[in-house]
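Each remark here refers to the structure printed beneath this line.
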Amino acid sequence: MRWLSLAAIAAAATFLATDVGAADRIRLAVQRTGTLAWELDIIKAHGLDRKADLEIERLELASTEAGKIALKGGSADLMLSDWLWVARERALGDKLVFYPSSSTLGAVMVPARSTIKGIADLKGRKLAVAGGPLDKSWLLLQALALRSGLDLRRQATLVYGAPPLLTQKALQGEHDATLTFWNFCAELESKGFRRAVAVDDVMRQLGAKGAVAIVGYTFDGGWAARNRSTVDRFLDASRQAKAILASNAAEWQRLAPRIGVSDPQALAIYRQRYSEGIWRRPVAEELADARALYRVLAEIGGTQLVGPARELDDGTFYRPGG
């Protein structure tokens, strides 16, 4: 009996030691072909998760909307989204928070020989818009056009659709211009299209002081408060992964099948655009620009887009270590 007691004590001690040394788990909602999936691949390949004492659990989903359901339903701790959605959810009573990740945004793409050089040239043209009538890039483009007296909803022919479909239609010459997401812009750029209007330029003209990271890590503020060390270690691992992607061309070759790009020229453009958008500014600067743009989006999109709040909540942005 004494031997059994000693064995039980030894087993319990082993269990407790293992439990104490266990890595902290974080569950991420991930789109398989999205940028977060690329970064997680780098984190795993370079052992950044082990160095940060993290167990990263991936929940692969087909869309951002599915990620939002997973996050709000409690089956995921973190996802990539935009601060506009976070602000809207906060205005409706939720306590989501946002931490910047990337300022890489889309553009109005046109064929190389197009006469469209800027927003004014979109008057009377057929413009395809990815993401639907409430897409944030589309609303920002409308807002800037209105300042010069151009109402694109009335003075251009609009077509809405999914980005892959609009890319094919653009290549077939069915539209004069296409406002689409950055990775589809990169694909069109590799096939001879050019940027007529970049969304980051639009934001600067609307009052932003720098490149705004609209896309970032989104998670529940209460969960973050309880797991601050875990969150901060993940964010640091993510920063390291971004630095590796920006500096290592070989990693892009390895990730090409995941990204879905085989053409070396297209892959180089993907790398360039991704690297340009890596977030580097202080959170306070991001918050100031986000507040200015939020007012513009609230004016154009109304409560359907931003919810009942007319101003961006100061608590929208997460601050590591604070």
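General remarks:
- Test for Phe219: is it of a type outside the set (A, V, I, L, M), out of contact with any Lys or Arg (no Cβ under 6 Å at 6 or more places or on another chain) and not in a helix (DSSP H, G or I): yes
- Restricting attention to the range 137-179, the residues that are hydroxyl-bearing (Ser, Thr, Tyr), outside any helix (DSSP H, G or I) and farther than 24 Å from Gly302 by Cβ total 1.
- Test for Ser75: is it small (Gly, Ala, Ser), assigned by TED's automatic domain parsing to the domain that holds Lys191 and surrounded by fewer than 24 Cβ atoms within 10 Å (Cβ to Cβ): no
- Any hit, the range 172-187, residues being without any contact (Cβ under 8 Å) to a residue 40 or more places away in the chain and within 30 Å of Thr316 (Cα to Cα): no
- A residue that is more than 24 Å from Ala290 (Cα to Cα), of a type in the set (A, V, I, L, M) and part of a helix (DSSP H, G or I) can be found somewhere in the range 70-84.
- Within the range 116-132, the residues that satisfy the criterion of being within 27 Å of the chain's Cα centre (by Cα) and assigned to a strand (DSSP E or B) are Leu127, Ala128, Val129, Ala130.
- Some residue of the range 290-299 being of a type in the set (A, V, I, L, M), in contact with a helix residue (DSSP H, G or I) (Cβ under 6 Å, 6 or more places away or on another chain) and part of a loop (DSSP other than H, G, I, E, B): no
Okay, residues lined up against (1) exposed (fewer than 15 other Cβ atoms within 10 Å of the Cβ); (2) modelled with pLDDT under 95; (3) in contact with a strand residue (DSSP E or B) (Cβ under 6 Å, 6 or more places away or on another chain):
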{"residue": "Pro100", "(1), (2), (3)": "no, no, yes"}
{"residue": "Val108", "(1), (2), (3)": "no, no, yes"}
{"residue": "Val129", "(1), (2), (3)": "no, no, yes"}
{"residue": "Asp151", "(1), (2), (3)": "yes, no, no"}
{"residue": "Arg154", "(1), (2), (3)": "yes, no, no"}
{"residue": "Pro163", "(1), (2), (3)": "no, yes, yes"}
{"residue": "Leu166", "(1), (2), (3)": "no, no, yes"}
{"residue": "Gln172", "(1), (2), (3)": "yes, no, no"}
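- Yes/no for Ala107 being free of Cβ contacts under 8 Å to residues at least 40 places away in the same chain, closer than 26 Å to Thr167 by Cα and hydrophobic (A, V, I, L, M, F, W, C): no
- Residues of the range 95-150 that are closer than 28 Å to Lys191 by Cα and of a type in the set (D, E, K, R): Arg113, Lys117, Asp121, Lys123, Arg125, Lys126, Asp135, Lys136.
- Residue in the range 192-204 that is part of a helix (DSSP H, G or I), farther than 30 Å from Arg291 by Cβ and at pLDDT 95 or above present: no
- Long-range neighbours under 8 Å by Cβ, at least six apart or interchain, first residue aromatic (Phe, Trp, Tyr) within the range 111-139, second surrounded by 15 or more Cβ atoms within 10 Å (Cβ to Cβ): Trp138/Val129; Trp138/Gly131; Trp138/Leu179
- Residue in the range 226-245 that is part of a loop (DSSP other than H, G, I, E, B), in contact (Cβ under 8 Å) with a residue 12 or more places away in the chain, surrounded by fewer than 16 Cβ atoms within 10 Å (Cβ to Cβ) and of a type outside the set (Val, Ile, Thr) present: no
- Exactly one residue out of Asp77, Asp94 is more than 24 Å from Arg273 (Cβ to Cβ), modelled with pLDDT of 95 or more and not aliphatic (A, V, I, L, M), and it is Asp77.
- In this entry, Phe317 passes the filter for residues that are within 25 Å of Val199 (Cβ to Cβ), of a type in the set (A, V, I, L, M, F, W, C) and at pLDDT 95 or above.
The values are calculated or read from the model by the stated rules, or taken from the named source; none is laboratory data. The structure presented is a predicted model; accordingly, all values stated were derived computationally and were not measured. Note that each Cβ is placed from the backbone with ideal geometry, even for glycine, and that neighbours are counted across all protein chains shown.
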